[in-house]
Amino acid sequence: MKSALVIDDDPIVVKILSHALNEDGWEVFEASSGSMGLQLARKHKPDVVVCDLLMPKVNGYQVCRELRQDESLVPQPRIIVISNSNYASDRDGALASGADDFVLKPVKPVELLRLLNEASGSTVFMRMEQMGGPLTDTRVFSRKIGEGTRVRFWGVRGSIATPGPDTVKYGGNTTCVELRADGQLIILDAGTGIRQLGRRLMSEFRGDPINAHVLISHTHWDHIQGFPFFIPAYDPRNSVTVLGYEGAKMGLQTALMSQMESPYFPISMRAMPSNLNIEEISETEFHIGSIKVRTMFANHPGVCVGYRITTSAGTIVFMPDNEAHARQRMAADGGREQSLEVLEYARKQDEKLVDFIRDADIVIMDSQYDANEYKSHIGWGHSCVDDVVALAVVGNVRKLFLFHHDPDHDDEMIDRMEEWAQELAVIHGAKTEVAAAREGLEVSINFLDEV
Ligand SMILES: [Zn+2]
Ligand SMILES: [Zn+2]
């Protein structure tokens with residue numbers, strides 16, 4: 001026999017819906033609170049849970065989340081949330097919490113029964129697939145983007161945006177780099193800098209479809225925070241593909257969507273009508289048009305990658321958050337010296353990074369601290385400038401950009417770090433050029449030496 005659980009703190013609603021379900025041949029369990037509902041759901045494992053949204057103590061969102069996280073509930077029940085709320089954000093919030101359907105109160109018993117006879121499925125993931133739609137014709141866009149390989153910095157700051165008089169020269173926006181090459185537009189990370197990039201693209205293309213690929217290094221806030229403000233993603237003529245790895249705790253799509261859910265943001269990602277596709281990468285190599293992309297896991301908390309992008313004109317590496325292994329491991333372990341074995345292992349890990357950046361024309365790399373600051377930031381997931389220059393020199397990099405500037409570093413401090421890094425390259429006797437990445441700076445790979 002099919003079974004249903006009705007949860008509502010309004011006894012009249014419970015009575016009406018239970019009666020209708022009973023008449024239709026369902027076994028019905030009744031709960032007058034969220035916590036009682038959770039208990040009964042675990043005990044009876046019903047096929048369907050009908051749950052009110054706003055209840056004291058344990059509300060409907062919590063019921064949805066708890067049920068969806070409960071591994072003992074296999075198969076999972078279909079959850080129908082019922083509510084007085086007519087706000088799209090509440091509806092979206094319920095769906096994001098795990099509800100399959102959302103029905104506005106008052107719920108007519110016939111409507112509920114009709115819904116139960118239909119296939120379940122207004123789930124978030126099905127909706128995202130439906131949004132794929134036909135591919136936009138991107139030929140005009142590719143022509144306009146052009147063939148030359150150009151990099152432009154829209155956000156160079158790590159951790160948090162830092163506008164103000166002390167950061168005018170290098171800029172206060174968090175991570176976002178634009179790359180145009182071989183008819184493609186690739187956006188590296190979606191920190192707050194992506195907002196201005198979006199505005200610029202809209203005025204440049206004036207209604208011609210934009211076709212953008214956004215590569216996400218990881219879902220720490222400073223790398224995704226600007227995405228809700230990326231205007232091209234709200235225009236149905238455009239095609240935006242977001243690529244990244246699944247995070248340690250939640251998928252890329254969930255991480256991107258949840259920052260746009262109530263109570264954090266007023267507009268849900270589902271309101272973005274462009275051809276928005278979010279794809280989790282599982283390969284370490286893939287192509288965007290004729291451009292080859294390789295990935296490497298960074299030494300950084302959670303799942304974080306760097307991208308090595310090979311265009312027809314040259315190679316760009318983007319490694320925005322990374323802590324060099326050797327210096328991290330060399331730090332005494334609780335007062336004890338590290339074993340040679342551990343140090344050798346760390347050296348090998350750094351060698352992998354050297355291979356990853358080897359012979360690249362442009363390397364954009366995390367160099368958040370100076371050597372002195374690093375001592376009090378061991379294990380924070382960021383490197384000191386000395387190590388980054390050394391790695392770039394050993395890797396025979398043509399141009400290194402110091403990146404992910406610390407929010408506490410003003411323009412003067414970054415000037416000093418840049419100077420020191422340039423001096424270090426000279427001390428190493430290397431040809432590698434070094435500069436601190438600066439918001440608004442555009443670099444053409446063909447004219448690198450002129451920057
Ligand atoms: Zn970061
Ligand atoms: Zn990070």
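The values are calculated or read from the model by the stated rules, or taken from the named source; none is laboratory data. The structure displayed is predicted, hence computed values, not measured ones. Every residue, glycine as well, gets a Cβ built from its backbone with ideal geometry; the counts of neighbours run over all protein chains shown.
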- Going by the structure shown, is residue 412 surrounded by 14 or more Cβ atoms within 10 Å (Cβ to Cβ) and over 21 Å from residue 353 (Cβ atoms)? no
- Message: I'd like the residue in the range 5-41 that is within 40 Å of the chain's Cα centre (by Cα) and touching a residue at least 60 places away in the same chain (Cβ under 8 Å) and, out of all such residues, is surrounded by the most Cβ atoms within 10 Å (Cβ to Cβ).
- Response: 5
- Task: Note down all Cβ pairs under 8 Å where the first residue falls in the range 408-425 and is touching a residue at least 24 places away in the same chain (Cβ under 8 Å), the second is part of a loop (DSSP other than H, G, I, E, B) and hydroxyl-bearing (Ser, Thr, Tyr), and they're at least six residues apart or on different chains.
- Result: 411/170; 414/170; 417/367; 421/367; 425/432
- Can you work out which of the residues in the range 162-191 that are aliphatic (A, V, I, L, M) and part of a strand (DSSP E or B) is farthest from ligand 2 (Cβ to nearest atom)? 181
- Message: Restricting to the range 311-336, name every residue that is buried (at least 18 other Cβ atoms within 10 Å of the Cβ) and in a strand (DSSP E or B).
- Response: 315, 316, 317, 318, 319
- Query: Can you tell me which residues in the range 192-234 are surrounded by fewer than 18 Cβ atoms within 10 Å (Cβ to Cβ) and either outside the structural domain of residue 284 (by TED's automatic domain parsing) or not in a helix (DSSP H, G or I) (or both)?
  - Reply: 206, 207, 208
- Do we find a residue being at pLDDT 90 or above and more than 16 Å from ligand 1 (Cβ to nearest atom) anywhere in the range 129-143? no
- Query: Of the residues that sit in the range 376-399 and are within 16 Å of ligand 1 (Cβ to nearest atom) and touching a residue at least 40 places away in the same chain (Cβ under 8 Å), which one is surrounded by the fewest Cβ atoms within 10 Å (Cβ to Cβ)?
  - Reply: 379
- Could you check how many residues of the range 185-198 are touching a helix residue (DSSP H, G or I) at 6+ places or on another chain (Cβ under 6 Å) and free of Cβ contacts under 8 Å to residues at least 40 places away in the same chain? 3
- Item | Within the range 5-89, helices (runs of 4 or more DSSP H) holding 3 or more residues that are farther than 19 Å from residue 108 by Cβ and hydrophobic (A, V, I, L, M, F, W, C) | 34-44, 60-69
- Query: Does the range 356-375 include one or more residues that are at pLDDT 85 or above, aromatic (Phe, Trp, Tyr), under 26 Å from the mean Cα position of the chain (by Cα) and away from ligand 1 (no atom under 16 Å from the Cβ)?
  - Reply: yes
- Task: Would you mind finding the one in 326, 346, 313 that is touching a strand residue (DSSP E or B) at 6+ places or on another chain (Cβ under 7 Å) and either more than 16 Å from ligand 2 (Cβ to nearest atom) or modelled with pLDDT under 90 (or both)?
- Result: 313
- Query: Here are some residues: 247, 289, 251, 314. Which one is within 16 Å of ligand 1 (Cβ to nearest atom) and not assigned by TED's automatic domain parsing to the domain that holds residue 69?
  - Reply: 247
- Just name the residue that is modelled with the lowest pLDDT out of those in the range 144-161 that are away from ligand 2 (no atom under 16 Å from the Cβ) and part of a loop (DSSP other than H, G, I, E, B). 147
- Could you figure out which of (1) buried (at least 20 other Cβ atoms within 10 Å of the Cβ); (2) of a type in the set (Gly, Ala, Ser); (3) more than 16 Å from ligand 2 (Cβ to nearest atom) isn't true of residue 244? (3)
